[in-house]
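Worksheet: one structure, shown below.
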There are 2 protein chains.
Amino acid sequence: MATATGVQRAHDHIKTLLVHTPILTSSTIDGLVGCKVLFKSEHLQKTGSFKARGAVHNMKIVTERGTKGVITHSSGNHGQAVAWAARAAGVGCTVVVPEGAPAAKLAAIEGYGARIVRCENTPASRASTCSSLAEAEGLDEIHPCYSIDTIEGQGSLGLELKEQLSSVPPIFIAVGGGGLASGIALALPDTPLYLVEPEEKKLTQQIDGSEEVQQLSLPTIADGIRTRVVGPENKRILAESKNIHVITVSEAEIRAAMVLIWTRLKQHVEPTAAVPLAGLIKLSSQSPSLPFQEAIVILCGGNVDVSFTL
Amino acid sequence: MATATGVQRAHDHIKTLLVHTPILTSSTIDGLVGCKVLFKSEHLQKTGSFKARGAVHNMKIVTERGTKGVITHSSGNHGQAVAWAARAAGVGCTVVVPEGAPAAKLAAIEGYGARIVRCENTPASRASTCSSLAEAEGLDEIHPCYSIDTIEGQGSLGLELKEQLSSVPPIFIAVGGGGLASGIALALPDTPLYLVEPEEKKLTQQIDGSEEVQQLSLPTIADGIRTRVVGPENKRILAESKNIHVITVSEAEIRAAMVLIWTRLKQHVEPTAAVPLAGLIKLSSQSPSLPFQEAIVILCGGNVDVSFTL
């Protein structure tokens, strides 16, 4: 079971190895949204996303235990993070990559020296390709979002925020498999978390258990959160958390937020990183006034092809 | 005559009103270039470029003297900066804009409440439209790069670097009209300056006086430095400076540098901001080893249309 103590342990290890990412602001965006927006800049993290946190923590666990090598499946950021962390630890690494993954992310995975194995672009093909190779070759599988070590590693972001700010305001987080959201929920149990999802995800129903959704790749521009299903451990943590809110955003709302981040904050983030701001803007447009004066928006990653246009 | 004392006076005033822009780094880019690269992030300055420095300083000068309003000509960044500074000072503002200026820059100028007057996209039309309106309406003209107040205002960037760093390494600067380069040359007379120009500019010949070049709009992707001619005062300062080096870069080299800044530094800068890095990469590729361990690259602005692609 992933715990707050586990997150603290991961954080103590991770913080000496990774970037303490800065918090950026834009007075123009503050004016548009109606509160002070603190952009936690994980796109400036090693390998360009928060996934480096879980990857470094996983690598510590497997190397302490002894490993023949690691394997994971990823359309991008997690694959880059694991490939980078494995190289740093001197561990062999294989990444199962679905067809259609962004070229920038693939190039980076190869650049970190990992072996790439292609599979079909379905959740089932990803999982089965990965686990059968792991078994055949005796490799340690590192899950992008569902495992305890990954959740506890990602949760270090919450503890880093606590060190950076005198008090941590509500946090807006994009949710895919739920690794980051559940990690932060463990790290900051008293902080309101706004979980922002693309359409068709049904996060509320997943968390309250009212509907068993099928795994599929969501047709969203936000390629980092196309995984629909939140893992069992992630779901348990989110269900037990107080102060969880879910906001659903459209593709147009994600694009509009991305334009603001590119043109006003001048940060070259990937589409997924625009999802939390889209959620905050939606909340702001629906309420006469926001229930807070400050909010944190997590810019989760910056790995986007140069040819990408809005 | 612009002087180091004038730069200091401008800096003392400006530094309380503008952003002390951060210095960003990327270990990947360091590895590619072969030295530690310190990216001075003026794209995170108010209005998205260093031009806010000269604009704020000019506004102080004209308001102390008393003014009926200001006028300038600009394809973008200077216009935004003057419009913003004028609004903050409660001064009316007119910006003469050539046809073909980027939509993002135009929208921002209008957003700051300035009156826009269109002209043909030639240096002659810009200058004459601006000066005849200034005369007809009794407005104070604020030159984008040639005037003493503009040069001294831009020079504040050099003094800010001196405050940020224990010692200031060589600086790579994109050169258009020469306002920033000459201001920094006054501020940091002992620091090597690498002036990076697009093709056909003939900066060396302009500085050493060996050729009188014609004014024209250079056909470069770097829309912020299409002005070919370096002003007389700027030229005087650069000619008197020790430690001036000129590097010419191609359009392909500018694009390649921009890809690195977008994908590795994750900063959504405009093409002109990639010019200094292109110069540093070129120098690095031509030398067995660089004559310094660290260099400053000025990211001069971040005002680029969302539809822009490389």
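The values are calculated or read from the model by the stated rules, or taken from the named source; none is laboratory data. Keep in mind it's a predicted model, so treat the numbers as computed, not measured. So basically every Cβ, Gly included, is an ideal-geometry build from the backbone, and we count neighbours across all protein chains shown. Calculation scope for accessible area: heavy atoms of the full protein, side chains included, ligands and nucleic acids excluded. Shrake-Rupley method; radii C 1.70, N 1.55, O 1.52, S 1.80 Å.
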Report summary line: Wholly inside region B:224-310, helices (runs of 4 or more DSSP H) that include 1 or more residues that are closer than 27 Å to A:Pro271 by Cα and out of contact with any Ser or Thr (no Cβ under 9 Å at 6 or more places or on another chain) are B:251-263, B:271-286
Query raised in the report: Within region A:237-253, can one find any residue that is of a type in the set (Gly, Ala, Ser), away from every other protein chain (no Cβ under 14 Å) and open to solvent by less than 40 Å² (accessible area, probe 1.4 Å)?
Result: yes
Requested in this report: Would you check if A:Lys105 is of a type in the set (Lys, Arg), within 14 Å of another protein chain (Cβ to nearest Cβ), in a helix (DSSP H, G or I) and surrounded by 17 or more Cβ atoms within 10 Å (Cβ to Cβ)?
Outcome: yes
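The rows are residues; the columns are (1) more than 21 Å from B:Gly54 (Cβ to Cβ); (2) under 16 Å from the mean Cα position of the chain (by Cα).
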position: B:Tyr194; (1), (2): yes, yes
position: B:Leu203; (1), (2): no, yes
position: B:Val213; (1), (2): yes, no
position: B:Thr227; (1), (2): no, yes
position: B:Asn243; (1), (2): yes, no
**Report entry** Residues of region B:287-310 satisfying the condition of being away from chain A (no Cβ under 12 Å) and of a type in the set (A, V, I, L, M)
**Finding:** B:Leu290, B:Ala295, B:Ile296, B:Val297, B:Ile298
Query raised in the report: Which members of region B:76-108 meet the condition of being of a type in the set (D, E, K, R) and within 19 Å of B:Arg65 (Cα to Cα)?
Result: B:Arg87
Report task. Scan region A:285-310 and report the pairs whose first residue is touching a residue at least 40 places away in the same chain (Cβ under 8 Å) and whose second residue is in a strand (DSSP E or B) and open to solvent by 60 Å² or more (accessible area, probe 1.4 Å), with Cβ atoms within less than 6 Å and a gap of 6+ or a chain change. Result -> A:Glu294/A:Lys36
